[in-house]
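The values are calculated or read from the model by the stated rules, or taken from the named source; none is laboratory data. The shown structure was predicted, so the numbers you read here are calculated from the model rather than taken from an experiment. Neighbour counts are summed over all protein chains in view; Cβ atoms, including those assigned to glycine, are modelled from backbone coordinates with ideal geometry.
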């Protein structure tokens, strides 16, 4: 029997430890394409989370009914159904936003983040757990999209969520709202996050090492635990 | 002439990977070596061509006449998934070495957003059948071009001294950014 983790952990792991974008490098296409502004990022994140949550719920509820040979096809049909719902609702309620996101809303169907979670998680866990996992992954995705969108919007058009945040004297970096800016910004952000994680790790290792030197017996027990 | 313009526009000016961000997953995942990136590009091109033909026929002969256009996402993705399966079986039958080279990539193509994106763009741009075929070919050529260039650069990158925190995905993204900058030079050359 696998060790059971609490429902809260299922949620929080998506935020950072297994953040879909920064850690697993999944769902890159919408991530790069729509993040010209923070608002677009939030909208895309919410749409993706909606699809992820509902398809996870459905798939984990009927996971025992789906024959494993046709599971991928069944997942895709379920996901595509929810994407169609999102697309139609957005077209009716937020026509401007829907036009701006264009074909990237239907492309949620092939977002590897969603299919990946179904295959790796929902198909093996009961609905409550799958719901928490989907919510966590969705939140992590929203965080990543919004932060990238915010950076690109501030530097590329001096605004954040439509409000001006940088003075008029600041010349907007045109490259930020072009495709190249998306790649560069995300690359730099990921590199920076890796840098922070590595630094924290080396510091912890150093601490552990110094403790090792002080109490050799204790450290041996610790090492076995790890 | 117009067909050639559509081809060049899809391949270079509006490159699927570098301008529309479609197919980023294989672009980052399979671009380690030129020897695997190029076959991946060819396999994708082949599937793209088939997708352009089949989805155009489905859209104009089934979905529009029966007024069920809202089913387009479900039907397109199913068609793409079964096409890929078919191509995989076909290659396995025809050429074992090719299957060993491409086999692992083919399932990946199903979730390649460039394929579904292609089908959606063809509907969006309201192309005729011949135009759709050339658009599919151009998009495939553009993908092959981008992933091969990327693989070439990454092979050289192996020898470079990349800071530890930038190894892997981050440096790949930055290289892709520089490539996108280079491809921006073509922007505005053709407006189709």
**Asked** In region A:120-163, what count of residues is obtained for those that are touching a strand residue (DSSP E or B) at 6+ places or on another chain (Cβ under 8 Å) and farther than 11 Å from residue A:39 by Cα?
**Response** 2
**Request:** For residue B:110, indicate whether it is surrounded by 18 or more Cβ atoms within 10 Å (Cβ to Cβ), at pLDDT 80 or above and touching a helix residue (DSSP H, G or I) at 6+ places or on another chain (Cβ under 7 Å).
**Result:** no
**Asked** Any idea which residue in region B:154-168 is surrounded by the fewest Cβ atoms within 10 Å (Cβ to Cβ), counting only those that are without any contact (Cβ under 8 Å) to a residue 24 or more places away in the chain, assigned to a helix (DSSP H, G or I) and within 14 Å of chain A (Cβ to nearest Cβ)?
**Response** B:164
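Each row is one residue, and each column tells you yes or no for (1) within 14 Å of chain A (Cβ to nearest Cβ); (2) touching a residue at least 60 places away in the same chain (Cβ under 8 Å); (3) part of a helix (DSSP H, G or I); (4) surrounded by fewer than 22 Cβ atoms within 10 Å (Cβ to Cβ).
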position	(1), (2), (3), (4)
B:53	no, yes, yes, yes
B:59	yes, yes, yes, yes
B:80	yes, no, yes, no
B:138	no, yes, yes, no
B:141	no, yes, yes, yes
**Complete:** Out of (1) at pLDDT below 80; (2) facing chain A (nearest Cβ under 10 Å), the one residue B:73 does not meet is (1)
**Prompt:** Is region A:8-23 home to any residue that is at pLDDT 85 or above, out of contact with any helix residue (DSSP H, G or I) (no Cβ under 8 Å at 6 or more places or on another chain) and more than 14 Å from chain B (Cβ to nearest Cβ)?
**Reply:** no
**Asked** Can you tell me which residues in region B:170-192 are in contact with a helix residue (DSSP H, G or I) (Cβ under 6 Å, 6 or more places away or on another chain) and either within 11 Å of another protein chain (Cβ to nearest Cβ) or at pLDDT 85 or above (or both)?
**Response** B:170, B:172, B:173, B:174, B:175, B:176, B:177, B:180, B:181
**Prompt:** So is residue A:196 part of a helix (DSSP H, G or I), within 14 Å of chain B (Cβ to nearest Cβ), within 19 Å of residue B:24 (Cα to Cα) and at pLDDT 85 or above or not?
**Reply:** no
**Complete:** Checked pairs for region A:62-80, first more than 10 Å from chain B (Cβ to nearest Cβ), second assigned to a loop (DSSP other than H, G, I, E, B), C-beta under 7 Å and 6 or more apart or across chains, list as A:74/A:66
**Message:** I need the full set of residues from region A:156-191 which are within 14 Å of another protein chain (Cβ to nearest Cβ) and surrounded by fewer than 19 Cβ atoms within 10 Å (Cβ to Cβ), in order please.
**Reply:** A:173, A:174, A:177, A:188, A:189
**Request:** Would you point out which residue out of B:29, B:23 is within 13 Å of another protein chain (Cβ to nearest Cβ) and at positive phi?
**Result:** B:23
